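Readers should treat all values here as calculations from the given coordinates under stated rules, not as data from a laboratory. Just so it is clear, the model here is predicted, and its values are computed rather than measured. Note: ideal-geometry Cβ built from the backbone for every residue, glycine included; neighbour counts use all protein chains shown.
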Amino acid sequence: MARSGTAFPEVTLAIIAGGQGRRLSGVPKGLLVAEGRTVLERLLVLASRFGDVLLVANAPEPYARFGLRTVADVVPGKGAPGGVHAALVAARTPWVMAVACDMPFIAPEVPGVLLDGADEDVDAVCFEVGGRLEPLLAVYRSALASAWGEALAVNPSMRELLSRVRTRLLPEDVLRAVDPTLRSLANVNTPEDLERYGVALPSR
């Protein structure tokens, strides 16, 4: 993908917040604190490089102070596939970079690596690390919205959805070239993750 300076004007940064973090006492995961800032604030450091920013949140109230354009799932109850679909539907740009709101440590070089793989022959670009896909640190063509939404009727997995479109899988060494420890893939879902990554619950 051609860049304008260091920016990605044809790409929406879509932060997928979904619902509440049930395994973290219902705390909105975007408000977890890593190295002195909320995870959402850390992700928004990337925002200035994108043409637009969007938050997908079914419970938007905790994030109101950030002033982001916020949408809920169009097809409720579909988890990550539904969150990505909502972002594709709401996007005002040809491409969407989807990131999960529980990933505090995305290296600043990662968006460029993903978007370098986004060309006219590709619908999605995703890392594959240890045989596992990383669909919530990935790039999608917005035009997928209609077909993606129809596919949700049978509760497909993210892997199945990606198998139906022209997906470019980037191998682990491509990510390690900019993030040697793969810290970008760290996500915080459980109390054990809080301890492992040095992340704290927000103060009440």
Local charge sum around Gly130 (other residues, Cβ-Cβ under 13 Å, Lys/Arg +1, Asp/Glu -1)? -2
The stretch 168-193-the stretch 95-155 distance, computed between alpha-carbon centres (Å): 14 Å
Per the charge dipole of the chain (beta-carbon charges, Lys/Arg positive, Asp/Glu negative, Cα centre), the residue among Met103, Ala34, Ala59 reaching farthest to the positive end is Ala59
Sequence of Ser25, Ser184 once ranked by neighbouring C-beta atoms within 10 Å, starting from the fewest: Ser25, Ser184
Please check which bits of the stretch 57-86 a label hung off Leu169 would reach, taking the label as a point 7 Å along Cα-to-C-beta and the cut-off as backbone N under 13 Å. none
Antiparallel DSSP beta bridges within the stretch 88-204, percent to nearest 5: 70 percent
Quick check: net charge around Arg23, other residues with Cβ under 12 Å of its Cβ, Lys/Arg +1 and Asp/Glu -1? -1
By counting other Cβ atoms within 10 Å of each Cβ, how are Ile16, Ile106 ranked from fewest to most? Ile106, Ile16
Of the DSSP beta bridges with both residues in the stretch 8-196, give the percent that are antiparallel, rounding to the nearest 5. 40 percent
Relative contact order (percent, whole number), the stretch 8-196, Cα cutoff 8 Å, 6+ residue spacing: 24 percent
In sequence order, calculated HN-Hα J values of the stretch 157-173 (Karplus, 6.51, -1.76, 1.60; Hz; x Gly/Pro): 7, 4, 4, 5, 4, 5, 6, 8, 10, 7, 9, 9, 9, 8, x, 4, 5
Most packed first (mean Cβ within 10 Å per residue), the peptides 144-156, 84-96 order as 84-96, 144-156
